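What follows is a set of notes on a single structure, which appears directly below.
The values are calculated or read from the model by the stated rules, or taken from the named source; none is laboratory data. For clarity, every value in this text was computed on a predicted model and none was experimentally measured. A quick note on method: Cβ atoms are made from the backbone with ideal geometry, for glycine too, and the neighbour counts reach across all protein chains shown. Heavy atoms of the whole protein, side chains included, go into the accessibility calculation; ligands, DNA and RNA do not. Shrake-Rupley method; radii C 1.70, N 1.55, O 1.52, S 1.80 Å.
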Amino acid sequence: PGFCYGLEPYPDAKEGMKTLLDSGAKAIVVTSPWTSDSWISERIEWLRCHFSIDRTNIIFAGSGHKALIKGDFLIEDNLPTLQDWSRENKGYGYLIDRPWNQDATLLDRVDSFSAAVEAVLRGQGAAE
């Protein structure tokens with residue numbers, strides 16, 4: 001218990017989410033449930049505290065199941081998850097640059113959450 005509470009959001013994620021929500025976009029957070037008994041309740045509270053996300057706008061789905069969630073865009077840091085989602089959806093997928101996905105070569109790689117939000121608000125892929 002308590003692990004989730006200690007996590008820091010990605011740099012500029014709070015500002016990016018606020019910009020997205022202020023634009024009128026509806027944000028549904030799809031996050032992995034992990035295996036801890038306390039993770040889900042902690043994650044709900046963490047998302048509320050950091051991003052003002054209501055629990056009704058949070059979906060818990062393992063990385064292998066995120067492709068089942070339909071949407072206009074997905075901002076993700078896990079390449080296989082993003083690839084699966086992109087195959088099943090017509091929206092744009094944005095891979096946030098992280099140490100564990102450096103070998104990925106995608107046109108829609110973004111270096112920050114705010115860069116992904118800017119691309120979403122333009123209504124296009126990050127490379128366009």
Probe 1.4 Å, accessible area per residue of the chain, Å²: 60 Å²
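Would you kindly state how much longer the chain becomes between Ser112 and Lys14 on full extension, computed as 0.36 nm times their sequence separation minus their alpha carbon distance, in nm to one decimal?
Difference between extended and current length: 34.1 nm.
Would you list the membrane-span-like helices of the chain, meaning whole DSSP H runs whose alpha-carbon atoms span at least 18 Å along their axis and whose mean Kyte-Doolittle value is at least 1.6?
none
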I need the calculated FRET efficiency for the pair Ala25 and Arg55, taking r as the beta carbon distance and R₀ as 22 Å, to the nearest 0.05. 0.75
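Could you work out how much longer the chain between Gln102 and Glu45 gets when fully extended? Use 0.36 nm per residue separation minus the Cα distance between them, nm to one decimal.
17.5 nm
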Under a no-solvent Debye model with one identical scatterer per Cα of the chain, what's log10 I(q)/I(0) at q = 0.12, 0.20, 0.21, 0.23 Å⁻¹? -0.44, -1.32, -1.46, -1.67
Magnitude of the Cβ-charge dipole (Lys and Arg +1, Asp and Glu -1) of the chain about the Cα centre, nearest 20 debye, reported as 380 debye
Charges on Cβ only, +1 for Lys and Arg, -1 for Asp and Glu, centred on the Cα centroid of the chain; of Gly16, Trp100, Thr31, which one is farthest towards the dipole's positive end? Thr31
Would you mind telling me the share, in percent, of accessible area of the chain contributed by carbon and sulfur at probe 1.4 angstrom? 53 percent
For region 1-45, the Rg and Dmax computed from alpha carbons only, in angstrom: 12.6, 35
